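Encoded as structure tokens, the structure appears first; notes follow it.
The values are calculated or read from the model by the stated rules, or taken from the named source; none is laboratory data. What you are looking at is a predicted structure, and each value in this text was computed from that prediction instead of being measured. Neighbour counts are summed over all protein chains in view; Cβ atoms, including those assigned to glycine, are modelled from backbone coordinates with ideal geometry. These accessible areas exclude ligands, DNA and RNA; they are computed on the full protein's heavy atoms, side chains included. Shrake-Rupley method; radii C 1.70, N 1.55, O 1.52, S 1.80 Å.
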Amino acid sequence: MQLFDDLEDFGAFDAAVSGDVRDPYTEMARVRREEPVQRLDMSAMPHEASKPVFMVYRHDDIVEVLRDGETFSSSIIIDFFGDVFGKHVMLGMDEPEHRRYRALVSKAFSQKALARRESELVEQVANELIDAFVERGRAELVREFTFPYPTQIIAGLLGLPREDHPQFQRWSISLLSFTVNPERGIAASAALKDYFAPILADRRRRPHDDLISTLAHAEIEGESLSDEEIFSFLLLLLPAGVETTYRSTGNLLFGLLSNPDQLDAVRSDRSLLPQTIEEAVRWEPPLLSITRVATRDTVLAGVPIPAGSAVMPMLGAANRDESRYPDPDRFDVFRTPTPHISFGQGVHVCLGMHLARLEMRVALNLLFDRLPDLRLDPEGDDPHIRGQVFRSPTSLPVLFEASTG
Ligand code: HEM
């Protein structure tokens, strides 16, 4: 089956990008204690080769970086990904350009705008995926659920025709593989643009009830988005909205499935879902680090940072800081809620966090409702979370009481 071939392909990409690092946290904890702002002089980063890279490990130092976009610019992201996402990608914009752009796109991602999508789109996608295995009594939830789930939701939000979803999924996989196979990523980016162009032209003429129409007609003080700006946003939605959510839904399921007492507690008291989701996103963020570039000579936690240096907030390290989270390596849905940094901070704070939370909540509710006695398959192939930059489980082989229809 084409979809499964593609997912095999994605597996190869995942292995290359993630590597089989099970535990990056012990080393990160050591560096956070000994050298919380760590200078490295060797770099493959796309900034001035002679400049060092600074890794930032502590929560408060990261907040300082992310709240000062004048000193720590996001423009390095366009140097990294401009070939694939275009030069108008909001993740790489600084103020005031970013503010204007974000104001134009943010309405579509507010909690209010998403609420009506819950039953008509998110639940529908989750139910259809579960339908395919509910009678079997066993499933592999990464391939059969967590990966296709956010891709189909983004395709649905964009208003893409149902029959195009498999092709959209294939392009998504190629685009996401950009870091290991740039040619393939760039080709997919061009193909996606060709695909979106007539749809965008149509929505400019005749708006539908979908995200492309919202973007085509968004206007603030007489300003609207150009075609190129819309293409960049649509392309960004794949890594930003698919890869992160597929990985974090997997991490959430892994956390619960490998702690059956907590799984039972959440299954029988769904009011625990919000704190469970936050704990999973703290414990294993899908993305361990993000990037900025210093625009001027500065000092962070007493460490001098020359202009032009790359600066990398290590979100995963901040979330395991023992001074903020007692016993930080433990997945514990009952811990006292303390905000995490997995969605970033400041002006670039994740635009899709409400959608990500909604997707995870719907996924858990429906998996619990429809798969009684859901548990890890003890005969499974050693499922574990892995990755040095992106993290998620290798697989989630599960057993449950099969539905007899
Ligand atoms: C658990 C899932 C997710 C995590 C952990 C996550 C994490 C992040 C982080 C850390 C940033 C800030 C990056 C930076 O400052 O350089 C960010 C930005 C962003 N995210 Fe997410 N994200 C998730 C889900 C989503 C979803 C579902 C969408 C959309 C459908 C999305 C869309 C975006 C966009 C568009 C930005 C750029 C915002 C801006 O530049 O102003 N994300 N995300």
*asked:* Can you name every one of the helices (runs of 4 or more DSSP H) wholly within the range 60-126 that holds 2 or more residues which are under 26 Å from residue 219 (Cα atoms) and in contact with a Lys or Arg (Cβ under 6 Å, 6 or more places away or on another chain)?
replied: none
*Mind checking which residues of the range 200-224 are at pLDDT below 95, surrounded by 14 or more Cβ atoms within 10 Å (Cβ to Cβ) and either aliphatic (A, V, I, L, M) or part of a strand (DSSP E or B) (or both)?*
211, 212, 215, 216, 218
*Is it true that some residue in the range 316-323 is more than 24 Å from residue 118 (Cβ to Cβ), among the charged types (D, E, K, R) and under 20 Å from the mean Cα position of the chain (by Cα)?*
yes
*Residue check, residue 183 against (1) farther than 25 Å from residue 100 by Cβ; (2) more than 16 Å from the ligand (Cβ to nearest atom); (3) open to solvent by less than 10 Å² (accessible area, probe 1.4 Å), all met but one. Which one?*
(3)
*Which residues, taken from the range 293-337, are exposed (fewer than 14 other Cβ atoms within 10 Å of the Cβ) and closer than 30 Å to residue 258 by Cα?*
322, 323, 326, 327, 329, 330, 334, 336, 337
_Among the residues of the range 132-142, are any part of a helix (DSSP H, G or I), within 14 Å of the ligand (Cβ to nearest atom) and crowded, with 16+ Cβ neighbours inside 10 Å?_
no
*Residue check: is residue 67 of a type in the set (Lys, Arg), more than 9 Å from the ligand (Cβ to nearest atom), open to solvent by 40 Å² or more (accessible area, probe 1.4 Å) and under 21 Å from the mean Cα position of the chain (by Cα)?*
yes
*What number of residues in the range 96-121 are open to solvent by 70 Å² or more (accessible area, probe 1.4 Å) and modelled with pLDDT under 90?*
6
*Output the number of the condition that residue 18 fails; it satisfies all remaining conditions of (1) among the hydroxyl-bearing types (Ser, Thr, Tyr); (2) farther than 30 Å from residue 326 by Cβ; (3) surrounded by 15 or more Cβ atoms within 10 Å (Cβ to Cβ); (4) at pLDDT below 85.*
(2)
*Only one of (1) open to solvent by less than 20 Å² (accessible area, probe 1.4 Å); (2) more than 27 Å from residue 310 (Cβ to Cβ) fails for residue 93. Which number is that?*
(2)
*Please find, within the range 225-245, the residue that is least open to solvent (accessible area, probe 1.4 Å) out of those that are more than 9 Å from the ligand (Cβ to nearest atom) and either more than 22 Å from residue 98 (Cα to Cα) or part of a loop (DSSP other than H, G, I, E, B) (or both).*
225
*All positions within the range 223-279 that are farther than 24 Å from residue 77 by Cβ, in contact with a Pro (Cβ under 8 Å, 6 or more places away or on another chain) and of a type in the set (Gly, Ala, Ser)*: 250
*Which of (1) more than 16 Å from the ligand (Cβ to nearest atom); (2) under 27 Å from residue 373 (Cα atoms); (3) of a type in the set (Asp, Glu) is the odd one out, the single condition residue 322 does not satisfy?*
(2)
*asked:* Looking only at the range 338-348, count every residue that is near the ligand (Cβ under 9 Å from one of its atoms) and surrounded by fewer than 18 Cβ atoms within 10 Å (Cβ to Cβ) and tell me the total.
replied: 2
